[in-house]
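Read-outs: derived from the displayed coordinates by stated rules, not from any lab. Values in this document were obtained by computation on a predicted structure and should not be read as measured data. Positions of Cβ are backbone-derived with ideal geometry, glycine not excepted, and every protein chain shown enters the neighbour counts.
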Amino acid sequence: MLKAENLNVYYGKIHALKDVSFYVDEDEIVALIGANGAGKSTTLKTLSGILRSKTGHITFMDEDISHTESYKLLAKGMAHVPEGRRIFLQMTVQENLEMGAYIEKKLDKAALDDVYTRFPRLKERRNQIGGTLSGGEQQMLAMGRALMARPKILLMDEPSMGLSPLLVQEIFRIIKDINAPGTTVLLVEQNAEMALQIADRAYVLESGRITLSGTGQELMASDSIKKAYLGG
C-alpha cells in the first residue's frame, strides 16, 4: 500500500533521514520506534508531503506521491494525526470533526456517527470548545477528525504522548479497533512496548537510519530492543 525508497531529508545542513526505505502492506499496523530525535516524525512528515526528500520515491496505492502537495493526499486516502494533536482550540468538538471532512462537498453524517460511536466522550462533549478538553480527549478528537475523511491509511505521530497509563491503554485499544475493519495504520511511538504489542511489523530508527526490522513479536523478543527500549 505504501512504500518509501531511499529517503534523504535535511533540515539545512542537518541530515535527518539517511537512505530510509520501508513498506506498509494493506490492513497492517506498522510501528516506527526509536529515541527522541531519531527521525520518526520527520519520516511521517515526508510521507504526508509536509517535508520533501532530496532523493528516492514514495509510492501510495501504486501511485508516485513523492511530489504531491500535502492537502491532496487526504483525498487520495492518507490522513495524518500529528504530534501534539494540533486540534483547533477555539472550535467546538463537532466543528473540529467537520473540518476533518473538508474535502467533502456535504458533511458525511454516517462518518460523523461512526466517530461518535467510536468515541462516546466526544459525542457527550460535541458542543464543548476543543481547547477545554483533557489531553486524552484532545487525542481522541485528533484521531476522530482524521477518520472523518474515511482514510485508507492513518499516519499517527506519538498518540500516547503526555497521557496517563490508563489513557495510553485506551488509545492503543482504539488504534487496534480502527485497524480491525481494514484501516491501515503507520504508528510512530516512543512507547516501544505498547507499539510492538499491537504492531504486525515494526522498524527501528536510530539517528536517521533504519537499523532493525521484523514482526512486533520478534522485536519484543530481541535482546538489543529489550535493553534499549523496554527496560530489559
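Under 1.5 on a/c is rounded, so check that first for the stretch 157-198, then, if it is not, pick prolate when a/b is larger than b/c and oblate when it is not; a ≥ b ≥ c are the square roots of the alpha carbon gyration tensor eigenvalues.
Prolate, since a/c reaches 1.5 and a/b exceeds b/c.
With the contact rule set at Cα under 8 Å and sequence spacing of 6 or more, what percent relative contact order holds for the chain? Before the final figure, lay out the partial values.
Values: 443 pairs, mean separation 63.7, N = 232.
Relative contact order, the chain: 27 percent.
Which loop GluC sites (Glu not before Pro) in the stretch 1-39, with loop taken from DSSP, have no more than 15 other Cβ atoms within 10 angstrom of their Cβ?
In loop regions of the stretch 1-39 (DSSP not H, G, I, E or B), the sparsely surrounded GluC sites (Glu not before Pro) are Glu26.
Which part of the stretch 174-211 falls in the paramagnetic zone of Arg150, meaning amide N under 15 Å from the point 7 Å along Cα-to-beta-carbon?
Backbone N within reach: 181-184.
Obtain the nm distance between the two label points defined at Arg118 and His57 by a simple spin-label model: each point lies 7 Å from its Cα along the Cα-to-C-beta direction.
In this crude spin-label approximation the distance works out to 3.1 nm.
Provide, as a two-decimal number, the C-alpha radius of gyration of the stretch 34-116 over 2.2 N^0.38 Å, N being how many residues it has.
1.29
Pop the C-beta distance of Ala180 and His15 into the FRET formula with R0 = 45 Å and round what comes out to the nearest 0.05.
Calculated value: 0.70.
Output needed for the chain: three equivalent-ellipsoid semi-axes, defined as square roots of 5 times the C-alpha gyration tensor eigenvalues, in descending order, whole Å.
They are 28, 21, 16 Å, listed from largest to smallest.
Check cross-link reach from Lys45 to the lysines: straight Cα distance under 27 Å, and skip same-chain residues fewer than eight apart.
Lys3, Lys13, Lys18, Lys54, Lys72, Lys76, Lys105, Lys152, Lys176
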